[in-house]
Amino acid sequence: MKKNLIEYFINTTKRFPDKTAVVENEDKISFENLYKRTAIVAMLLLAKKDILNKPVAVYLPKSIHCVTADLGIMFSGNAYLNLDVKSPLQRVSAILNLVEPEYLITTNAFKKNIESIYPEEKLIIIDDIDFNQVFDHDKESQDLYLRLEDRSIDTDMSCIINTSGSTGVPKSVALNHRSFIDFIEISNEIFKFSDNEIIGSLSPVIFDIYSYELCMLMAHSSTIVVLPEHMAAFPIKILEVLEKEKISFIFWVPTIMVNIANMDLLKSIDLSSLKLVWFAGEVFPTKQFNYWYKSLPHTKFANLYGPIEITLDCTYYIINREFSDNEPLPIGFPYRNTDVLIITDENKLAEKGEEGELCVRGSSLALGYYNAPEKTAAAFVNNPLNKHYPETIYRTGDIVSVNERGEIIFKGRKDTLVKHQGYRIELGEIEHIVVNSLKLVKNACCVYNRERKEIVLVYENDTEVEPNVFRKEILNVLPKYMIPTSYKFLAEMPRNPNGKIDRALLNRQINS
């Protein structure tokens, strides 16, 4: 039984040394060369200090260098903490102050950004490393492997991923090897990955999706094709790369896929190599999903669900039937070895069809929030259904129910489900109608003003829209009690580092 993700990488490199591991623009690197670089980074790190199960930060854009650094840190028995090079230094500094990483890996180009907030003596400049040095493959890698075998266990950290906190202070989620290994093995049983998958890698390195792409590289000898983040503004360019590189697998957040559908771009691109599409992270509007589903009949689609606190995802749904445009896609069924509990406000197990909060128990749970015991205790709690012994569950804050087919249906966030005029309203439904169905504005976020007891629609658009236009159009689709009372125009929505609308910030502004 494997206890460290690097074991996959060692086996894959032995089987496919000359195969391409990563493609970055015109640059490519083989598994053999990537393995060598990874081991050199690990040895350099340990030569500085014999650390184990400690965080090491990486301040790099998605690149061959970043993949090398992340795998090298894991090979040294430590956990990588990827930082967003586009984030304001104030936020990066807040993360560094919270996690206190032992070292930070960057390049000379980015050193000037980081040296003002991190000790220079703890910086490792990756482009100064001599990767052409003499390397005794068998001896050096064997020493590193034996160190892992002797001193590490499967619940040691593999990485730390940052997520937004409701107070504006980032939370750093510590994930372990066991959870990733469990997810890799179970996903392979379900989806039967080949040894020749080519991944269209679009997500930033601070996303858990990217961490799973590293797992695919290590466990299934998959090739990662780096899609530069700036390409998100040019969806046709992304599709051209998918066609050129014969991408077989993508794991994306739906936003870009919605844009592609709205622009009707699939008709001009040959994606016959694309065999599997995973999407997660937010609701995929069914109308735009149907465009993909009908345009690519040879492709298998799966809707995955799970916050970062649950390693990658805890439920999945393979779409194998047609859905009407206004019918929500299920988030499906729990992964094997993961138990999903739907718990009511009374801390009882929900009946079939009854709404409740989705809670999770099992090996998929994160270790907690790094250096934040109070936040960990608030979210990772004892199972209220188990009175016999301590058992941790994670409360997601998401409201779900089970339909007549036994499928889990996402209803909305606990913090976006409001009681208004005696009715229980999901604010996300109003947002969906305004943006996707009526197409009145580019983006929208509904916030509930508790003092005035009114629904406020904050929207992003090129021009301001008259409130009576909103009211008239929405009233054709939604009941009167769901019509927002107040409307606030923004040229640009505030967004968190994950690229999502910063609902918490808007909520604080409206209710301050």
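The values are calculated or read from the model by the stated rules, or taken from the named source; none is laboratory data. Keep in mind that this is a model prediction, so the values were computed, not measured. We place every Cβ from the backbone using ideal geometry, glycine too, and count neighbours over all the protein chains shown.
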**Within the stretch 217-234, tally of residues that are more than 29 Å from LYS192 (Cβ to Cβ) and not small (Gly, Ala, Ser)** = 5
**Message:** Can you confirm whether TYR389 is modelled with pLDDT of 95 or more and not in a strand (DSSP E or B)?
**Reply:** yes
**Item:** Failed item, numbered, when GLU102 is tested on (1) of a type in the set (Asp, Glu); (2) surrounded by 14 or more Cβ atoms within 10 Å (Cβ to Cβ); (3) modelled with pLDDT under 95
**Value:** (3)
**Asked** When the residues of the stretch 352-405 are filtered to those that are acidic (Asp, Glu) and under 28 Å from GLU426 (Cα atoms), which remaining residue is surrounded by the fewest Cβ atoms within 10 Å (Cβ to Cβ)?
**Response** GLU404
**Criterion (more than 18 Å from ILE510 (Cα to Cα) and either crowded, with 20+ Cβ neighbours inside 10 Å or not aliphatic (A, V, I, L, M) (or both)) met by exactly one of GLU451, GLU473, GLU460** = GLU473
**Asked** Out of curiosity, is TYR335 in contact with a Leu (Cβ under 7 Å, 6 or more places away or on another chain), of a type in the set (Ser, Thr, Tyr) and either modelled with pLDDT of 95 or more or surrounded by 13 or more Cβ atoms within 10 Å (Cβ to Cβ) (or both)?
**Response** no
**Request:** Kindly indicate whether any position in the stretch 169-176 is surrounded by fewer than 24 Cβ atoms within 10 Å (Cβ to Cβ), at pLDDT below 95 and in a loop (DSSP other than H, G, I, E, B).
**Result:** yes
**ASP70 being at pLDDT 95 or above, acidic (Asp, Glu) and crowded, with 24+ Cβ neighbours inside 10 Å** = yes
**Request:** Output yes when any residue across the stretch 446-462 is in a loop (DSSP other than H, G, I, E, B), closer than 30 Å to ILE318 by Cβ and either in contact (Cβ under 8 Å) with a residue 12 or more places away in the chain or not assigned by TED's automatic domain parsing to the domain that holds GLU492 (or both), and no when none is.
**Result:** no
**Request:** Can you give me the number of residues within the stretch 332-355 that are part of a loop (DSSP other than H, G, I, E, B) and within 20 Å of GLU185 (Cα to Cα)?
**Result:** 3
**Asked** When both residues are 6+ apart or on different chains and their Cβ atoms are under 9 Å apart, which pairs have a first residue that lies in the stretch 357-381 and is basic (Lys, Arg), and a second that is surrounded by fewer than 20 Cβ atoms within 10 Å (Cβ to Cβ) and not in a strand (DSSP E or B)?
**Response** ARG361/ASN383; ARG361/ASN386; ARG361/GLU391; LYS375/GLY165
**Item:** helices (runs of 4 or more DSSP H) fully within the stretch 233-324 counting 3 or more residues that are within 25 Å of GLY412 (Cα to Cα) and either touching a helix residue (DSSP H, G or I) at 6+ places or on another chain (Cβ under 9 Å) or in the same structural domain as THR376 (by TED's automatic domain parsing) (or both)
**Value:** 254-262, 286-295
